[in-house]
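In what follows, a structure is listed as structure tokens, so that the remarks can point back to it.
Read the figures in this text as sums done on the coordinates, not as results from a lab. Because the structure is predicted, anything quoted here is derived from the model rather than measured. Cβ placement follows ideal geometry from the backbone for every residue including glycine, while neighbour counts extend to all protein chains displayed.
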Amino acid sequence: MARVFLPLVLVAMALFAAAPLVVANAPPEQTMGLVQKIFYYHVPSAMLMFVSAFVCGIASAVFLFRRSAAADRVALAAGELVVLFGAIVLVTGPLWARKAWGVWWEWDARLTSSLLLWMIFLAYLLVRRFGGPGSEKLAGAMALFGMANVPFVYVSVNYWRTLHPKTSVVMTLAPGMRAAFWFCVAAFAALYVLLLTLRKRLEDRQAEVEQLYLAAED
Amino acid sequence: MRQFLRVAWVVMRKDLTVEMRSREIVYTTVFFAASCVLVFAFALVREGRPLEDAAAGILWISIAFAGTLGLGRTFERERHTETLRALMLAPSDRPAIYVGKLLGILALMAIVEAVLVPMIGLLFHAPVLARPLWLVALLGLGTLGFASVGTLFAAMLVRARSRDVLLPVLLYPITIPVIIAGVRGTAALFQATPDEPMARFWAALLVFFDVVFVTLSLWTFEPLMTE
Amino acid sequence: MKRLLPLIVLCALLPGALTLAQAPAGPPSTQGDFVPVNQLPAQTEQLPAAPLLMGAYAFVWVALLVYVWSLWRRMTKLEHELADLRRRLQKL
């Protein structure tokens, strides 16, 4: 296990460390200038937030319908990562918006629905932590509703008049920007897989410890 | 299918019969909703008079708060008398039990809204009779969306710790889109010239939410309630 | 492996810090040179972008590092507990 793991760690770290260099060399954007470079971390984080919401939702469905404890551990790991990457999106976004739009926050469709998605998974973590026994199932239902929310967040920006750039921006980037952008996506994706694996492994250990406690009592 | 509907109907009748004996939940929830409206009416003032533009928002906030309270109380009663476990032991379709509980909650909410809408009309001079059918449609669809998720979570929380605070924590982030759609649609109807196309748009969105929420709730009720 | 993790993270930080240190200042700045006031576009020019950009990147790094650190800390604690329990069970 460690043999596959270590290269993954090194790749993730290398990619992530190189990202600032790549971003610095990308051509500056016309109207927004320097602050647009936040895009290279903001959008990959948003993409991974959605991916993680799906992972959590699907794992929760498997847990609810197949009673798979391993799936539940994956769901917990993915749920935490939704909150982590969501926090990154919700902080880098306003920092960019302050310069680009003049305000920290706007109640438009994309921002509101992203905030709600983040809060759904924050509630997911709260239920798991404070719900008492049997709360994994309830959290699983929460995750399913959260996952149903993701497509809505994604398309909201295309159907409502909103300040937020449309999804077509990613596909029509200039060549220099495109390379930097997809490099950052790869770096974040590698990092995501790494964090998910680590977190799931932590939960596996926790489950082992609990089993040993039960065995020790017998 | 007929069996399904029969079970749902029986569950709902049971809830309504028990409630009609003491009428405790109905009275207290309606009073709470009315107090909510008053609190907001006095909190949101401009030049000493209530803010008339806020009528739609205040209506829906009061519905959401009263709904949360009603859900909690209804399922607390189930927990207290252990009837939920008895229901689960019965050899009937689990989703049918869910639908029965949902219909009971909807009946409670209908009574609350029947009191709130005239109140809003009087206090905020809102034209509630301008497009009554659209208003009823919006209220019905929005309440269905809210109650469908609420019934699912309240039923699950019956056995959980911190259940009183967890219900709003879980319910509000998911149902805020429903509330938004309800408020915007109702606000469109309360304008000086009611904006019907706008109300229709938001009603369509509410239908979409309702379909997703009810489907997900029906689908997950069984695995959630089984030990 | 777990002991190497902080070292790896530190090594990852260094190149990032170095590149940021030597990165060019950004696009040819329209607000640096002497431009007559009435030719400046509206108020957005008056807000410097660099602190926002640095703040955003700093937040991302800090958030990720804090998360990884918390994972690492809990992992070592669990490993100790696990070893402890195994020893106790063997004695029984």
- Determine the dipole magnitude for region B:86-186: charges of +1 sit on the beta-carbon of Lys and Arg, -1 on that of Asp and Glu, nothing else is charged, the reference point is the Cα centre, and the result goes in debye to the nearest 20. 180 debye
- Counting only DSSP loop positions in region B:68-147, the GluC sites (Glu not before Pro) whose Cβ has at most 16 other Cβ atoms within 10 Å are B:E82
- Message: Report the rotationally averaged projected area of the protein assembly as shown based on its alpha-carbon convex hull, in square nanometres.
- Response: 31.7 nm²
- Message: Out of the trypsin sites (Lys or Arg not before Pro) in region B:20-79, which ones are loop residues according to DSSP with at most 14 other C-beta atoms within 10 Å?
- Response: B:R23
- Task: Pop out the ³J(HN,Hα) list for region B:128-144 in order, Karplus 6.51 cos²θ - 1.76 cosθ + 1.60 with θ = phi - 60°, rounded to Hz; leave Gly and Pro as x.
- Result: 5, 9, 5, 10, x, 5, 5, 5, 4, 4, 4, 4, x, 5, x, 5, 4
- Under 13 Å, Cβ to Cβ, from B:L87 - net charge with Lys/Arg +1 and Asp/Glu -1: +1
- Treating the beta-carbon of each Lys and Arg as +1 and of each Asp and Glu as -1, no other charges, what is the dipole magnitude of the protein assembly as shown about its Cα centre, to the nearest 20 debye? 1180 debye
- Note on the structure: Taking the protein assembly as shown and counting helices only, DSSP H stretches of n ≥ 4 at -39,500 (n - 2.57) each over all residues, the nearest-500 ellipticity at 222 nm comes to -28500 deg cm²/dmol
- Cα shape, chain A, gyration tensor, a/c 1.5 rule: oblate
- Stretched out fully, how many nm does the piece from B:A86 to B:F31 gain, at 0.36 nm a residue minus the Cα gap? 16.7 nm
- Query: Using a simple spin-label model with points 7 Å from Cα along the Cα→Cβ vector, what separation in nm is obtained for A:M171 and A:A70?
  - Reply: 3.7 nm
- Relative contact order of region B:2-225 (C-alpha contacts under 8 Å, at least 6 apart) in percent is 26 percent
